[in-house]
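Since every read-out is calculated from the coordinates, none of them should be taken as a lab result. All figures in this text were calculated on a predicted structure; none of them were measured in a lab. Cβ atoms come from the backbone with ideal geometry, glycine included; neighbour counts cover every protein chain shown.
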There are 2 protein chains.
Amino acid sequence: MGGYLFSVFVLFAWVPHIYGLWPIPRSLETGSVALKLANSFRITANVPHPPSDLSDAISRTVGHLRTDKFERLVVGRGSADSETIQHARELKSLTLALAPGSPVRSISDEAILPIESRSEEYTLHIPSDGSAASIEANSTLGLLRGLTTFEQLWYFFDGQVYTLEAPVSITDSPAYPYRGLMLDTSRNFFPVTDIKRTLDAMSLAKMSQFHWHATDSQSFPLVIPGFTEVAAKGAYSSLMSYSSKDIQDIVSYAGARGIDVLVEIDTPGHTAAITESHPEHIACSHASPWSQVAGEPPAGQLRFASSATANFTANLLTAAAKLFPSKFFSTGGDEVNTECYANDSQTQSILQSTGQTFEQALSGFMQTTQGALEKAGKTPVVWEEMVLEHNVTLSNETVVMVWISSQHAAAVAAKNFRIVHGPSDFFYLDCGAGEWLGNDVSGNSWCDPFKSWQKSYTFDPLANITPEQSHLVLGGQQLLWTEQSDPSNLDSIVWPRAASSAEVFWTGATLPDGSPRNVKSALARLHDFRFRLIQRGVSAIALQPLWCALRPGLCDGDS
Amino acid sequence: MGGYLFSVFVLFAWVPHIYGLWPIPRSLETGSVALKLANSFRITANVPHPPSDLSDAISRTVGHLRTDKFERLVVGRGSADSETIQHARELKSLTLALAPGSPVRSISDEAILPIESRSEEYTLHIPSDGSAASIEANSTLGLLRGLTTFEQLWYFFDGQVYTLEAPVSITDSPAYPYRGLMLDTSRNFFPVTDIKRTLDAMSLAKMSQFHWHATDSQSFPLVIPGFTEVAAKGAYSSLMSYSSKDIQDIVSYAGARGIDVLVEIDTPGHTAAITESHPEHIACSHASPWSQVAGEPPAGQLRFASSATANFTANLLTAAAKLFPSKFFSTGGDEVNTECYANDSQTQSILQSTGQTFEQALSGFMQTTQGALEKAGKTPVVWEEMVLEHNVTLSNETVVMVWISSQHAAAVAAKNFRIVHGPSDFFYLDCGAGEWLGNDVSGNSWCDPFKSWQKSYTFDPLANITPEQSHLVLGGQQLLWTEQSDPSNLDSIVWPRAASSAEVFWTGATLPDGSPRNVKSALARLHDFRFRLIQRGVSAIALQPLWCALRPGLCDGDS
């Protein structure tokens, strides 16, 4: 009978009563029975010799269930539920299990598998009668994703942790494996603690990739064994650099949260900071005026035509690659300024003596550096210019990040490269905050306007891709370039906006009832996600007046 | 001889070596002698029976000098100064004195004097030989401004607090008395601690007015004696309201920092929150769709045509006025929606029975409410519509806030009202963050683009004013409407941008050397101001990469 009522409900209208779910699962059924967590509530892993990071994840979930203390976003904040909660059945346990035959690996190991072979799917059942809830998956990574969903199902009122929507039945898996966030730690520095807080927030949105744009022309904060002089002289200060221990700390923190760390050492452009330790490898170093020879100050690019420089770079990348267990490694490749090399007598004399063109020399550099990475077991990642603007030979395995325009995905797909979407017209978190260059009276940012969460949310991963090319799309990410950001505004400029693409690439185009994903129904859930981040110490910004957050639909613009 | 060198220096180029000064004083002379604070450094007030808030201000300054620990924004952060600091003379004391015949009043009392009679001018001298520094003023408020300047002159390195620019000689006074910041605490709530941190930052920029847009349609957080039901039912919650004690706390905290609190209870529009306690006074309350009858949700406006409502409002304002010692009190008056009243049968029947037009009834309401305020000793403040869009009779004493467009100042001046500039095209801090209304796929904010500090900085207070009308300009302010703000992003959305207008209205059009104020030279000082805020726990955003902040001029856009 309960079953009959339940089917009627899901047949006629999928109403996302459980506003807390972000990203929304691929399949979701909910009832209308109240359930509260027993004081003795515990989570058990039916996993032989559970990896320590799975045990840690369970402990974190139990902790969040107790400490989130997040009241429902309704008028009265749950006070109307008081009577119902009092009489609700208690849920005493949640059991985690791996599907028969699944290998038992740590979450960290699962998170860094080759991206196509990661297993993030899970099922979650919460019966309404108080009997044990369950999460099943094919991997510990899938169990982690299920635990994260479980955390988002519960609200707090007057000492009780409860849901009004049992039974809950979820079958879930991501539409795309790459759901990322890029952070630039070169233009301004971010302490490890800020990065960890960001990883926590990413994990709550089931994001899978932290793209760490670690170095650039402004500073080189990565301390790389064998090349420690580069950070010693190129970081803002010894306190503003990442030691091997810091890097290990970040990588293992991320891995335990189901996040792979894709580090980028941008080359051959965006390398002025290397001039402090290795001036011999840098062309047009700190040239003035910078605007002739660089996209932004300070100017300086690797002398890629020089074999000494190519070897130095390859060795640097190889040494850096050892610090990161990820299969991915990005060598950047954006905005190589040709004027810089045209003015560099050393580069010109090499080109002349070898008889190579600019593009031939660049191709040689790429083969040396990418070759070294592949030898180190890495899959190279590059920005779109390396395949769209330059005539360089790249392995077909190379992953290409589209940033200049969402429309450029078409050209990358046409060349048969795998794609990560990060287009500035949808996903750049820094846009719209005014010009940061000095002496500009009223200038706006180069990529105005501000990319609202709504704009990002409407991104279609297959918009410029043919059906035959769709397998090339790994996913996408929002990106924070930090000309105008540092720890002071990290949370507020990133959250909750960066969760927008997390749902685009997890949930795909449709809601659990088959209707198209849309900003109208997403808003209430994004409020929930945002307020839960606040409860966890992440200063995500308010999307609306609280009056609106408590009254879904009453502040819509179409009324 | 030192004097000779010194004059040569100031004659040929005014270089703002003391980047820390924000706003820049009207007159400034500096030398090139190093001086450090003695361990025994103390500040003495040669003031008979010094008011306790002056003593507190002195203690705060001594505290900041010790705890700011702000290193110079240069490559090496002051390490190159080490030898110089070691051999520098010590400054042992700073003496504060009032000019002969000056009354001895508390800073708080001085800060709330009628705006034209406030005295903020001061002189500051720091000899280079280690003999006592001095600040002289005509009021304790002037002494406070001098102390604030003194705090900005010093840097920290390796345990020492020092300047490289003694002797320092400053004669300073504000170009305009009203240098404000508006904060909306209705759309989202801000705890007292956030407001206090904001007041601290304002005081560091010598700002004089906190315009507290306390109430609006979304919530009514002001607990007003005799009308406590309005907040009890109209605030978001009892924890999200300001008790009389909270208000007193904010007012006295502000006063001690030289800031007058101009509270606004917006009427007759923007009052939907009153409907929770007094539905009889509110027309088109929570009407749906809201867009026909309100600028934003929820709809609801005072039934101004009703004499009962006019009297209720007058009594409410009178009771609120008692909580605030300021001479100023704003009754708002923006965005009165005529459609709301056209649909309100009660209003229509009153208009019919009294034979009044809409405008006549509004004028009557304004006379009742403004009259009550004037009886309570207040100078009424209104938004521009009350003089530009409505035909209501207002006292000539009324201060008018321009917000819709900077060009509207001309029309307000033509009507001979005093003006506070707060135009959305220069000073709205919320612009450019995307649409906050729901169900908007890619909408931008109504007042795009983002108002950068540079844009605000170029504001000319006399741009639309004839020389004969210039006396009408009291000053201006930046404003934060909080549809998309709450404590999570208060600091980052306000600072350092709000300091931009603080310098516009303190310093006026010219730098101490007579050259025009300009964004190029301002940037280095604004960096300094921003980093000092960071040292004080205010999360002001980064204006540029640190690389640029350490190298003034090298990241200019004109190179």
Prolate/oblate/rounded label for segment A:185-508 (Cα gyration tensor, a/c 1.5): rounded
Residue-count net charge about residue A:285 - beta-carbon cut-off 12 Å; Lys, Arg +1, Asp, Glu -1: -2
Packing-based exposure ordering (other Cβ within 10 Å, fewest first) of B:492, A:169: A:169, B:492
Note, ³J(HN,Hα) from phi for segment A:78-92, Karplus 6.51, -1.76, 1.60, rounded to Hz, x at Gly and Pro: x, 4, 6, 8, 3, 4, 4, 4, 4, 8, 6, 5, 9, 8, 9
Assigned charges on the beta-carbon of Lys, Arg, Asp, Glu; the protein assembly as shown dipole about Cα centre (debye): 2080
Nearest-0.05 FRET efficiency for residue B:117 and residue A:518, computed from C-beta distance (R0 56 Å): 0.45
Dipole of the protein assembly as shown [Lys/Arg +1, Asp/Glu -1 at C-beta], most positive-end residue of A:555, B:287, B:124: B:124
Label-reachable residues, segment B:102-129, where backbone N falls under 12 Å from a point 7 Å from residue B:397's Cα toward its Cβ: B:114-115
Teacher prompt: residue A:374 distances to equivalent labels in other copies, 7 Å Cα→Cβ, nm: 8.5
Radius 9 Å from Cβ of residue A:273, net charge of other residues (Lys, Arg +1; Asp, Glu -1): -1
Relative contact order (%) - chain A, alpha-carbon pairs under 8 angstrom, separation at least six: 15
Label geometry 7 Å along the beta-carbon vector: residue A:225 inter-copy distances in nm: 7.1
Ranked A:451, A:69, criterion: other C-beta atoms within 10 Å, fewest first: A:69, A:451
Hits among aspartates and glutamates - C-alpha to C-alpha of residue A:36 under 17 Å, sequence gap 8 or more where chains match: A:68, A:71, A:81, A:83, A:90, A:129, A:151, A:158, A:165
Proximal lysines relative to residue A:415, as straight alpha-carbon distance under 29 Å, when same-chain residues fewer than 8 apart are discounted: A:327, A:375, A:378, A:451, A:455
Karplus 3J(HN,Hα) series, Hz, for segment A:455-466 with 6.51 cos²θ - 1.76 cosθ + 1.60 (x for Gly, Pro): 4, 4, 5, 8, 5, 10, x, 10, 4, 10, 10, 7
Amide H contacts of residue A:433 (H built 1.01 Å from N, under 5 Å, at least 5 apart or other chain): A:445
Using a 7 Å Cα-to-Cβ projection, residue B:425 label spacings across copies, nm, ascending: 3.0
Net length gained if the chain between residue A:375 and residue A:307 were fully extended (0.36 nm per residue, minus Cα distance): 22.6 nm
FRET E, pair residue A:97, residue B:246, Förster distance 60 Å, beta-carbon r, rounded to 0.05: 0.70
Alpha-carbon centroids, segment A:482-559 and segment B:345-368: separation in whole Å: 44
For the protein assembly as shown: rounded, prolate or oblate by the Cα gyration tensor [a/c cutoff 1.5]: oblate
